[in-house]
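One structure below.
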Amino acid sequence: MKHLDDKVAAVTGAGSGIGRALALHLADQGCRLALSDVSADGLAETERLLSGRARAVTTAVVDVADEEAVGAWADAVVADHGRANLVVNNAGVALSGTVMSLSTDDYRWIMGINFWGVVHGTKAFLPHLEASGEGHVVNISSVFGLTAQPLMSGYNASKFAVRGFTESLRQDLELTGSRVSATCVHPGGIKTNIARSARVDGSVAGAAGKPSDAATKEFEKSFITTPARAAEVIVEGVRKNKRRVLIGPDARVFDAMARLAPTGYQRLITGVVRSRGGR
């Protein structure tokens, strides 16, 4: 999809962070926008920022973990805009804690949003994208979908799952001669509030050797790329029909480490976390 002017783009998690930045950037490309988020306040602020900037904007409060709600939203997007050309499954949450301490409900929660939310969005919009004659699915994984990290098993599992799902989706679409394509995005540290809004188990403090809030603040120091820049890179990836998009120098480094030293980087990361905790 080289040309985005007058295309209809649906974005989940559009109430903040990368989702909001994507809404603004897609508006500048001439897109008509259908935005969703679980936060009505966040959506309202994004809509305010788009005032006079977008051709058309519709918003809906949607929990992406709810398959029926996502399906209803997709149908409403087509009813409101006449078609759908692009869907960005961006909504996500974070979870931190040791495997021993996290509950199965914790894992179900993060998989429901990060993985099933992507599946729901893809499945709901795919028929509409096919019907439009030209479409694209963008699923947001993470650098943690490329490399495993200590204390992030739930997040890693969800983002690795998004990666596998999207890469297979792309192959399916090519195999069947579809005019729809798919891109998997792996952001590195992006300056959003995802770390501050994460579920952090008490086991993090013991494992990291410091209070969990201090660990979160230190982790946020590695967030070096702005959401606006991330949005630019994602849209460029759509234009070039890339299979995989890496965002930020940290994502490129982690990708190289995973490919060149698949076991060595795991020991390295564990050592870094241990040293920062004073152990």
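The values are calculated or read from the model by the stated rules, or taken from the named source; none is laboratory data. Keep in mind the model is a prediction, meaning the values are calculated, not measured. So basically every Cβ, Gly included, is an ideal-geometry build from the backbone, and we count neighbours across all protein chains shown. Protein only, heavy atoms only, side chains kept; ligands, DNA and RNA dropped before computing areas. Shrake-Rupley method; radii C 1.70, N 1.55, O 1.52, S 1.80 Å.
Worth a mention:
- Considering only residues in region 174-205 that are at pLDDT 95 or above and out of contact with any strand residue (DSSP E or B) (no Cβ under 9 Å at 6 or more places or on another chain), the one that is least open to solvent (accessible area, probe 1.4 Å) turns out to be Gly177.
- Restricting attention to region 251-267, the residues that are part of a helix (DSSP H, G or I) and surrounded by 12 or more Cβ atoms within 10 Å (Cβ to Cβ) total 10.
Table: residues versus (1) in contact with a strand residue (DSSP E or B) (Cβ under 8 Å, 6 or more places away or on another chain); (2) crowded, with 16+ Cβ neighbours inside 10 Å; (3) modelled with pLDDT under 95.
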{"site": "Trp116", "(1), (2), (3)": "no, yes, no"}
{"site": "Val119", "(1), (2), (3)": "no, yes, no"}
{"site": "Ser141", "(1), (2), (3)": "yes, yes, no"}
{"site": "Asp172", "(1), (2), (3)": "no, no, no"}
{"site": "Ala207", "(1), (2), (3)": "no, yes, yes"}
{"site": "Lys217", "(1), (2), (3)": "no, no, yes"}
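- Residue match in region 227-250 (condition: modelled with pLDDT under 90, open to solvent by less than 30 Å² (accessible area, probe 1.4 Å) and within 30 Å of His3 (Cβ to Cβ)): no
- When region 13-41 is filtered for residues that are within 21 Å of Val93 (Cα to Cα) and in contact with a Leu (Cβ under 8 Å, 6 or more places away or on another chain), the ones remaining, listed by number, are Ala14, Gly15, Gly19, Arg20, Ala23, Leu35, Ser36, Asp37.
- Strands (runs of 3 or more DSSP E) within region 1-71 that include 1 or more residues hydroxyl-bearing (Ser, Thr, Tyr), under 21 Å from Leu129 (Cβ atoms) and at pLDDT 95 or above: 32-37, 57-61
- So Ala72, is it surrounded by 17 or more Cβ atoms within 10 Å (Cβ to Cβ), out of contact with any strand residue (DSSP E or B) (no Cβ under 6 Å at 6 or more places or on another chain) and hydrophobic (A, V, I, L, M, F, W, C): no
- Filtered residues of region 75-96 (kept if of a type in the set (A, V, I, L, M), touching a His at 6+ places or on another chain (Cβ under 8 Å) and open to solvent by 30 Å² or more (accessible area, probe 1.4 Å)): Val78
- Looking at Leu146, Leu49, just one residue is open to solvent by 20 Å² or more (accessible area, probe 1.4 Å) and either of a type outside the set (Asp, Glu) or farther than 25 Å from Arg199 by Cα (or both), and that residue is Leu49.
- Listed by first and then second residue, the pairs with beta-carbon distance under 6 Å, at least 6 apart or on different chains, first residue in region 43-71 and touching a residue at least 24 places away in the same chain (Cβ under 8 Å), second open to solvent by 40 Å² or more (accessible area, probe 1.4 Å) and hydroxyl-bearing (Ser, Thr, Tyr), are Leu43/Thr59.
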